[in-house]
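Read the structure below first, then the notes.
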Amino acid sequence: MNCQGIDKKGDIVYLACGASGMLIVDVSSIGTPSILGSYPASDANDVKVYGTTAYVADGSGGLVILNVSNPASPSLLGTF
């Protein structure tokens, strides 16, 4: 898996991982990080999180805007 973009808010890390989409990882226990949730994307190459909103640069898919208030189940707010 090739993750190119990263953003961290507290103990949660958001990773933009190309065709694997965006992964949300709990790093509260550094020795045992765990994947909380994910969102599919065609070419996620960067991610920035502000509050409960994640902005994912998705290559030809454009900008994907997600509600990440529940990290286990991110939901689509819109695309551009």
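The values are calculated or read from the model by the stated rules, or taken from the named source; none is laboratory data. The structure presented is a predicted model; accordingly, all values stated were derived computationally and were not measured. Counting neighbours? That spans all protein chains shown, and the Cβs are built from the backbone with ideal geometry, glycine included. What goes into the accessible areas is simple: the full protein's heavy atoms, side chains included, and nothing from ligands, DNA or RNA. Shrake-Rupley method; radii C 1.70, N 1.55, O 1.52, S 1.80 Å.
When GLY31 is evaluated against the numbered criteria (1) within 19 Å of MET1 (Cα to Cα); (2) not in a strand (DSSP E or B); (3) not hydroxyl-bearing (Ser, Thr, Tyr), which criterion, by number, is the only one it fails?
(1)
Where the second residue is among the acidic types (Asp, Glu) and part of a loop (DSSP other than H, G, I, E, B) and the first is in contact (Cβ under 8 Å) with a residue 12 or more places away in the chain and closer than 12 Å to LEU66 by Cα and lies in segment 31-42, which pairs have Cβ atoms under 7 Å and are six or more apart or on separate chains?
ALA41/ASP58
For SER73, are the conditions met, namely being exposed (fewer than 15 other Cβ atoms within 10 Å of the Cβ), in contact with a Ser or Thr (Cβ under 6 Å, 6 or more places away or on another chain), among the hydroxyl-bearing types (Ser, Thr, Tyr) and not in a strand (DSSP E or B)?
When the stated conditions are applied, SER73 does not pass them.
Filtering segment 39-65 down to residues that are touching a Ser or Thr at 6+ places or on another chain (Cβ under 8 Å) and of a type outside the set (A, V, I, L, M, F, W, C), which residue is most open to solvent (accessible area, probe 1.4 Å)?
The extreme case among them is SER60.
Just the residues that are over 13 Å from VAL68 (Cα atoms) and open to solvent by 50 Å² or more (accessible area, probe 1.4 Å), please, taken from segment 9-30.
Listed by number, the residues that qualify are GLY10, ASP11, ALA19, SER20, SER28, SER29, ILE30.
Does any residue of segment 9-23 turn out to be in a strand (DSSP E or B), within 11 Å of the chain's Cα centre (by Cα) and among the basic types (Lys, Arg)?
The answer is no; no qualifying residue exists.
Assess whether GLY78 counts as being at pLDDT below 95 and of a type outside the set (A, V, I, L, M, F, W, C).
no
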